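Written out below as structure tokens is the structure these notes cover.
The values are calculated or read from the model by the stated rules, or taken from the named source; none is laboratory data. Worth saying up front: this structure is predicted, and the values here are computed from it rather than measured. No Cβ is skipped: glycine too gets one built from the backbone with ideal geometry, and neighbour counts run over all protein chains shown.
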Amino acid sequence: MSRRVAASPSRAKDGDAAPEPEKPSTSSATDDVTTPIRAKVNSRKKPVKTARERSVVAIEPEGWEKTLETIKRWRADGPPAAVDTMGCEKIADVEDDRVNVDGDRYRRYLTLTSAMLSSQTKDEINHAAMRRLRAHGCTPENILNTDEDALDAMINPVGFHRRKAQYLRATAKILLDEYDGDIPPSVETLCALPGVGPKMAYLVMNVGWGEPTGICVDVHVHRISERLGWVAKDVMGKNGSPRKKTPEDTRAALESWLPKREWIEINPLLVGFGQLTCTPLRPKCHACPLAKDGSCPSAFKENPASPESAKKRPKLELKLEGDDA
């Protein structure tokens, strides 16, 4: 039997345009920097209206435990996905001289930086950009003292690299001025950084701080949750008419019934499943264990790939979050 439970209201709508941050402060220990932040990127954003202020009702799906365990076994026994070796969760798994100096603080900054670059960018490209930043010196001090053009060249070809170079420098100044070079310790304060939205903030809290404050819902988690029937595809809007569910709606719904012990792992688990099997276009239903055991209600209903076409590398679904979440 399915049971109806009330979801916790979500914190911010994934897809809303992020407010323009305010102009960086002019009084700080970093005032002697000779390469000014040229972009119209302000150091602070206005508070983002949270989706958790809405009333969300979710139904705990019958048999979700079996489905989740099947996905875990399938991922463990199959080939690695890009997220398994090059995702934001893996960026901080590094050993270099800076780790010996700053330790956890350095790893947290790497996680935040990688998350900021990840929007509209494949894991492989993001990973390569982070390697170049690490070789250059990926610390708030060094990023702030790096000319914007040089920084842009280092992170190119990540999506919206020029804007992200601006965001990185503005964020570095905030971290040095207000957090002693560390990263903010909450979703709310992370979301106040330029270019950071809820999806990034939850990922950074989960990975950087090791605190499961919320589920990181990207396009893969959002899509697969809908296909599995874990969340509804539409929700009731303020005017009483149905509207399309957003990733933040999905997060609130999942958090209402998924045990907290699963909140951190669910993102890389489903992202990899989405990269390899449950792809955005022409999903490989013929090779999916959930289609074979009948637990996926969407199996073979969304123009699935043929066994022959499965040999081709899928095009990953991308979504920019730096400005819109």
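Of everything in the range 214-256 that is of a type in the set (Lys, Arg) and more than 25 Å from residue 118 (Cα to Cα), the residue that is surrounded by the fewest Cβ atoms within 10 Å (Cβ to Cβ) is 238.
With the condition kept exactly as written, say whether any residue in the range 130-146 is of a type in the set (A, V, I, L, M) and touching a Gly at 6+ places or on another chain (Cβ under 9 Å). Within the range 130-146 (the criterion being of a type in the set (A, V, I, L, M) and touching a Gly at 6+ places or on another chain (Cβ under 9 Å)), the answer is yes, since at least one residue qualifies. Check whether at least one residue in the range 291-298 is crowded, with 24+ Cβ neighbours inside 10 Å, at pLDDT 95 or above, of a type in the set (Ser, Thr, Tyr) and in contact with a Ser or Thr (Cβ under 9 Å, 6 or more places away or on another chain), and report yes or no. The answer is no; no qualifying residue exists. For residue 132, the conditions (1) of a type in the set (D, E, K, R); (2) within 21 Å of residue 87 (Cα to Cα); (3) not in a helix (DSSP H, G or I) all hold with the exception of (3).
Is there a residue being in contact with an Asp or Glu (Cβ under 6 Å, 6 or more places away or on another chain) and over 25 Å from residue 219 (Cβ atoms) anywhere in the range 91-99? No, that holds for no residue.
Here residue 272 meets each of (1) modelled with pLDDT under 95; (2) surrounded by 22 or more Cβ atoms within 10 Å (Cβ to Cβ) with one exception, condition (1). Scanning the range 227-253 for residues that are assigned to a helix (DSSP H, G or I), within 23 Å of residue 201 (Cβ to Cβ) and touching a residue at least 60 places away in the same chain (Cβ under 8 Å) gives 247, 248, 249, 251, 252, 253.
Quick grid of which residues meet (1) at pLDDT 95 or above; (2) among the polar types (S, T, N, Q):
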residue	(1), (2)
70	yes, yes
96	no, no
148	yes, no
173	yes, no
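Residue 167 meets the conditions (1) buried (at least 20 other Cβ atoms within 10 Å of the Cβ); (2) within 21 Å of residue 209 (Cα to Cα); (3) among the aromatic types (Phe, Trp, Tyr) in every case but one. The failed one is (2).
Before we move on, is residue 281 on the phi < 0 side of the Ramachandran plot and crowded, with 22+ Cβ neighbours inside 10 Å? The answer is no for residue 281. When the range 262-288 is filtered for residues that are within 17 Å of residue 213 (Cβ to Cβ) and touching a residue at least 12 places away in the same chain (Cβ under 8 Å), the ones remaining, listed by number, are 262, 263, 264, 266, 267, 268. When residues in the range 253-299 are screened for being among the charged types (D, E, K, R) and over 22 Å from residue 87 (Cβ atoms), 3 of them pass. Residues of the range 135-169 that are assigned to a helix (DSSP H, G or I) and among the aliphatic types (A, V, I, L, M): 135, 143, 144, 150, 151, 153, 154, 155, 165, 168.
All told, residue 209 falls short of being aromatic (Phe, Trp, Tyr) and touching a Phe, Trp or Tyr at 6+ places or on another chain (Cβ under 9 Å). Only one entry of 135, 192, 153 meets the criterion of being touching a strand residue (DSSP E or B) at 6+ places or on another chain (Cβ under 9 Å) and surrounded by fewer than 24 Cβ atoms within 10 Å (Cβ to Cβ), and that entry is 192.
Residues that are of a type in the set (A, V, I, L, M), over 18 Å from residue 226 (Cβ atoms) and part of a helix (DSSP H, G or I) within the range 257-303 comprise 276, 287, listed in sequence order.
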